[in-house]
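Structure first, commentary second.
The values are calculated or read from the model by the stated rules, or taken from the named source; none is laboratory data. Quantities reported herein were computed from a predicted structural model and do not represent experimental measurements. All Cβ positions, even for glycine, are placed from backbone atoms using ideal geometry, and neighbour counts span all protein chains on display.
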Amino acid sequence: MSTLENSGPADQGLQTLDESQLTVLRRIDEVLRLAGRQCGAKEIGFPSLSSVESLSKIDYFRNFPHLGLAVAALRADKVSALAADAAGTGDSFESDALVAPRYFLPSAACYPIYAHLRDRELVDAERVTTVQRCFRNEERFEGLARLLAFTMREVVVVGAQAQVREFLEERKRWVQRFASGLGLDLAVQVATDPFFEAGGQRARMQQLFPVKEEFVFDGSVAVSSVNFHRNFFGQRWNIRTADGEFAFSGCVAFGLERWLHALTRRWSGDAGAILEMLDGSPVGTAST
């Protein structure tokens, strides 16, 4: 297997992967998909767009509108003029050429899962895994470590509080074993909860009662996170447990390009060595 090549500098957060990089990224995802299935998660594929209505329901625009990227069609009365413009449109469209957006590109893979479970009463904990192309309007971009467009695999659990906590603790141990088997030394750090405003009172409180932990490579690149949502999504989407209480939820997220970045750095781009280790990775759920 060839050495992973440098695919060149990212263009505003958009990176091209060569064949070797794609092979490794897909193998990473296959291991994660199998691990999710073996811990009881069914795989579901969701649309690549999120409605403004569904995002508003989970306070997306209150908490992180800065990450959002809207999808908007061209206005019908502007189409003819644009088509007749021999000089082209330059590098962007004026906002008055676009209809009001009804959809956004997803910035996380898990959001549609909770909407999918809306108005449900769960007999037992629901476990779902999904992969999604995600988009975030970050303040800066940095190669594969921080992209505008990237791939996220998530494993989600929705159920009673004890079930969610137990699942997340077991998945946290699995991530640590997985990373160790690949020769990655990841630090576990408490991070700001993604559903709270950065710097707000709730964000400060969660530093005392962590609900989000990140697995960090090389001191700065969070390749995965474990997130405890409490019953936030259960309340917003009316998901209840068998006792009638609002369901709790949590997720484990994997940024595939960031894992690729970490493995490339750790093993000096030796794709063959990385693939060999991935082939021997644990995908079971045995406890440490």
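Out of the residues in the range 16-49 that are assigned to a loop (DSSP other than H, G, I, E, B) and under 17 Å from the mean Cα position of the chain (by Cα), state the one that is surrounded by the most Cβ atoms within 10 Å (Cβ to Cβ). Only one residue tops the list, namely Ala41.
Which residue out of Leu67, Leu74 is surrounded by 11 or more Cβ atoms within 10 Å (Cβ to Cβ), touching an Asp or Glu at 6+ places or on another chain (Cβ under 8 Å) and modelled with pLDDT of 80 or more?
Numbers: Leu74 fails: touching an Asp or Glu at 6+ places or on another chain (Cβ under 8 Å).
After ruling out the rest, the residue left standing is Leu67.
When Thr129 is tested against (1) in contact (Cβ under 8 Å) with a residue 60 or more places away in the chain; (2) assigned to a helix (DSSP H, G or I); (3) not charged (D, E, K, R), only condition (2) is not met. For Phe167, indicate whether it is touching a residue at least 60 places away in the same chain (Cβ under 8 Å), of a type in the set (Phe, Trp, Tyr) and within 19 Å of Glu213 (Cβ to Cβ). Yes; evaluated as a whole, the condition is true for this residue. Of the strands (runs of 3 or more DSSP E) lying entirely inside the range 212-275, those containing at least 1 residues that are within 13 Å of the chain's Cα centre (by Cα) and surrounded by 22 or more Cβ atoms within 10 Å (Cβ to Cβ) span 221-230, 248-255.
Return yes or no: is Phe93 more than 28 Å from the chain's Cα centre (by Cα), surrounded by 10 or more Cβ atoms within 10 Å (Cβ to Cβ) and of a type in the set (A, V, I, L, M, F, W, C)? Criteria met by Phe93. For the range 111-168, taking the residues that are modelled with pLDDT of 95 or more, surrounded by fewer than 19 Cβ atoms within 10 Å (Cβ to Cβ) and acidic (Asp, Glu), the one that is nearest to Arg27 (Cα to Cα) is identified as Glu166. Within the range 96-126, which residues are more than 19 Å from the chain's Cα centre (by Cα) and either β-branched (Val, Ile, Thr) or in a loop (DSSP other than H, G, I, E, B) (or both)? The answer is Val99, Ala100, Pro101, Arg102, Arg118, Asp119, Arg120, Val123, Asp124, Ala125.
Residues of the range 50-62 that are part of a helix (DSSP H, G or I) and either crowded, with 18+ Cβ neighbours inside 10 Å or among the β-branched types (Val, Ile, Thr) (or both): Val52, Ser54, Leu55, Tyr60.
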